[in-house]
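> Structure in structure tokens, see below.
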Amino acid sequence: MTDVDIHKNLLDCLSGGICAVNRDRVITYWNKNSETLTGYKKSDAVGKSCRDDILMYVDEQGRGVCENECMAIGTMNDGNPRRMEVYAHHRDGYRVPVLVRVLPLKNLEGQVIGAIEELYDNSAKLENTYKIEELEKCALLDSFTGLMKRRGLEMNLRTMFGVMHRYGWSYGVFFVDIDQLKRINDLYGPKIGDTVVKMVSKTLLHCVRASDMVGRWGGEEFMVIAMNVTENHLRTIANKIRVLIEQSGFFMGADAIRVTVSVSATVARSDDTMDSLLKRLNQLMLQGKASGKNCVSV
């Protein structure tokens, strides 16, 4: 085994993904954990430009990080490390929260010849794993999406009212509805529609806190129950959900499959019942759909 092979094996053993790019932003190295984190194999990535629909980093507002403030170019130009929390594009279309650290790659003469990107899973994977195990035990897990079933959401809403009345804590509740999923089914068939539902589910799960409850309310409608959320936070959280799903997508042949969602959100009130809360969320959703979809109603 050569020294190069030993070094590559060491890089494959690291907990984070390692991606190396040259001065032209062409990917020259891609380790095993990069494959695990993004779904893209080494053969998919090496030799491609990092701009070629591989990682496509976006921030919480859905703005393309690579286009506006490429960290690799900045580090190659000034030699300074950089660090940023972003959402990377998974091969299956959904968005993954990633902590990226960029370091300059230098030759023996000390010249910067590229950049190394370290990618770390920024989701609360451990907490979500425990949550899924508990849901499976109680038969409250939707096996298709991996999210909580409607029955589980209703149980959590009842618990939420009890906690509110006892401790005075505030809760935000969100409905998320996929826009025009029927159009996707009609154009590409129900299997692609199912893939869209799974993509939206995973992006939704990754863009909220581990303490938030996320579930599938109905066929293409989801719910998020978030503790310690005030009215001032509603629009920010709802827009984050909306833009990150809008920035998700995958290819079906030459066609890019993307969808948008409409989000309705409200803070649970002390005088609410489950019926009044759901009625308000449904009314807000209808307003959003009537105003052109891909929008937030709070």
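> Contour minus end-to-end for M227 and S211, with contour as 0.36 nm per residue of separation and end-to-end as the Cα-Cα distance?
5.0 nm
> Additional query: With every protein chain left in place, what is the accessible area per residue of the range 250-298 in square angstrom, probe 1.4 Å?
Heavy-atom SASA per residue in the range 250-298 reads 51 Å².
> Now for a different question. Counting DSSP beta bridges with both partners in the chain, what percentage is antiparallel, nearest 5?
About 95 percent, rounded to the nearest 5.
> Hey, another quick one. For R183 and L286, compute 0.36 nm times the residue count separating them, minus their Cα-Cα distance, and round to one decimal in nm.
So the chain would gain 35.2 nm between R183 and L286.
> Another question about this same structure. With a 1.4 Å probe and all protein chains in place, put T36, T75, T159 in order of accessible area, largest first.
Order by accessible area, largest first: T36, T159, T75.
> Continuing with this model, one more query. Taking K and R as +1 and D and E as -1, what net charge do the other residues with C-beta under 14 Å from the C-beta of K182 add up to?
-3
> Please return the longest range in the chain lying between exposed loop sites, taking chymotrypsin sites (Phe, Trp or Tyr not before Pro), DSSP loop only, at most 15 other beta-carbon atoms within 10 Å, and leaving the sites out.
Here the longest segment lacking exposed loop sites spans 1-143.
> Also: Under a GNM of the chain (C-alpha, springs under 10 Å), which listed residue has the highest mean-square fluctuation: N239, N107, N22?
Taking springs between Cα atoms under 10 Å, the residue moving most is N107.
> In degrees from 0 to 90, rounded to the nearest 10, what is the angle of the helix 150-167 Cα long axis to the longest principal axis of the chain?
Helix 150-167 sits at roughly 80 degrees to that axis.
> Below 8 Å between Cα atoms, with a sequence gap of 6+, how large is the relative contact order for the range 168-276 in percent?
Reported relative contact order: 41 percent.
> For the pair I192 and H165, how long in nm is the line joining their label points, each one 7 Å along Cα→Cβ?
Distance between label points: 4.9 nm.
> Calculate the FRET efficiency for E109 and E85 from the Cβ-Cβ distance with a Förster distance of 35 Å, rounded to the nearest 0.05.
Efficiency at R0 = 35 Å is approximately 0.55.
> Sort K202, K240 by heavy-atom solvent-accessible area, probe 1.4 angstrom, most to least.
So the residues, ranked largest to smallest area, are K202, K240.
> Report S34's accessible area, 1.4 Å probe, all protein chains in place, as a number in Å² to the nearest 10.
That residue has around 0 Å² of solvent-accessible surface.
> Right, here's the next one. So how exposed is M274, as accessible area in Å² (1.4 Å probe, rounded to 10)?
Rounded to the nearest 10, that gives 40 Å².
> Can you compute the FRET efficiency between S143 and A254 using 1/(1 + (r/R0)^6), with r the Cβ-Cβ distance and R0 = 41 Å? Round to the nearest 0.05.
Efficiency computed from Cβ-Cβ geometry: 0.80.
> Taking amide hydrogens as modeled 1.01 Å from N in the peptide plane, which residues meet the under 5 Å criterion relative to L105, leaving out close sequence neighbours?
Residues meeting the amide H criterion: I113, G114, A115, I116.
> Please give the helix 190-206 orientation as an angle from the longest Cα principal axis of the chain, in degrees from 0 to 90, rounded to the nearest 10.
Taking the Cα atoms of the chain, the angle to 190-206 is about 90 degrees.
> Too long at a 19 Å Cα-Cα cut-off: which of K149/K202; K182/K293; K42/K198; K149/K198; K182/K289; K240/K293?
Beyond 19 Å: K42/K198.
> Could you give P(r) for the range 180-288, binned at 5 Å from zero, as whole percent values over all Cα-Cα pairs?
Taking all Cα pairs of the range 180-288, the binned fractions are 2, 10, 20, 24, 19, 12, 7, 4, 2, 0, 0 percent.
The values are calculated or read from the model by the stated rules, or taken from the named source; none is laboratory data. Predicted, not measured: the structure shown is a model, and the values here were computed from it. Neighbour counts are summed over all protein chains in view; Cβ atoms, including those assigned to glycine, are modelled from backbone coordinates with ideal geometry. Surface areas here come from the heavy atoms of the whole protein model, side chains and all, with no ligands, DNA or RNA. Shrake-Rupley method; radii C 1.70, N 1.55, O 1.52, S 1.80 Å.
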